Amino acid sequence: MPHQFSTSYVKDSIGLFHYYKKLGERAMAQCPDDGLFTTLDAESNSIAIIVKHMAGNMRSRWMDFLTTDGEKPDRNRDTEFEDAPKTRAALMELWERGWKYVFDALEPLTDADLARTVTIRTEPHSVMQAINRQTAHYSHHIGQVVFLAKHLTAKGTGKWDSLSVPRGQSKAFTADVAAGRKSQR
């Protein structure tokens, strides 16, 4: 989705979430199936575990967003780091389900909703603060997904298709953005 000028915080936030969703998908698409389930060491999470955690967080934070606490009583966060999905298809189904909660909660909002109060673990947040919190959280984890996918793909195949501006191509990319052929989003 190309960048679109907006002064609407809600609209721009939705655009950012779409950008990060697509970035994660593009990284996972390049990663070999076994790479999705690989950990670098005992303290690391696999891509599959990161996605499972994100999906659990998305369900908890965004389901009934304006009316219930963002930490649902039936969420067991600790188990999100155990028993990863076993197949790419199961992983992607979990990914899509999580993002559906995000977009279903955000799309009806207007900028007038930004000052409303929601809670996360009983702490009051403005809607804007809650959106910022989740944008930072998801971009953090998607950065991990991209790092792991790039590392494991390049290690396994010897190649990686850049998800942003390829090395040595900054000037050409900037010219393409200026000409409307590419977007930074």
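Values computed for the structure shown
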read-out: Positions within segment 121-176 being in contact with a Phe, Trp or Tyr (Cβ under 6 Å, 6 or more places away or on another chain) and within 16 Å of residue 16 (Cα to Cα), in sequence order; value: 138, 139, 142
read-out: Residue pairs meeting the criteria (Cβ under 6 Å; at least 6 apart or on separate chains; first under 16 Å from residue 6 (Cβ atoms) and in contact (Cβ under 8 Å) with a residue 40 or more places away in the chain, in segment 104-118; second open to solvent by 80 Å² or more (accessible area, probe 1.4 Å) and of a type in the set (Ser, Thr, Tyr)); value: none
read-out: Identity of the residue in segment 2-52, β-branched (Val, Ile, Thr), outside any loop (DSSP other than H, G, I, E, B) and touching a residue at least 60 places away in the same chain (Cβ under 8 Å), that ends up most open to solvent (accessible area, probe 1.4 Å); value: 14
read-out: When residues of segment 111-160 are limited to those that are open to solvent by less than 20 Å² (accessible area, probe 1.4 Å) and closer than 18 Å to residue 64 by Cα, the one farthest from the chain's Cα centre (by Cα); value: 118
read-out: Residue tally, condition under 18 Å from residue 38 (Cα atoms) and aromatic (Phe, Trp, Tyr), over segment 143-178; value: 2
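The values are calculated or read from the model by the stated rules, or taken from the named source; none is laboratory data. Treat the numbers as computed from the prediction; the structure is a model and nothing was measured. Please note: Cβ atoms are built from the backbone with ideal geometry, for glycine as well, and neighbour counts cover all protein chains shown. Accessible surface is based on the protein model in full, side chains and every heavy atom, while ligands, DNA and RNA are left aside. Shrake-Rupley method; radii C 1.70, N 1.55, O 1.52, S 1.80 Å.
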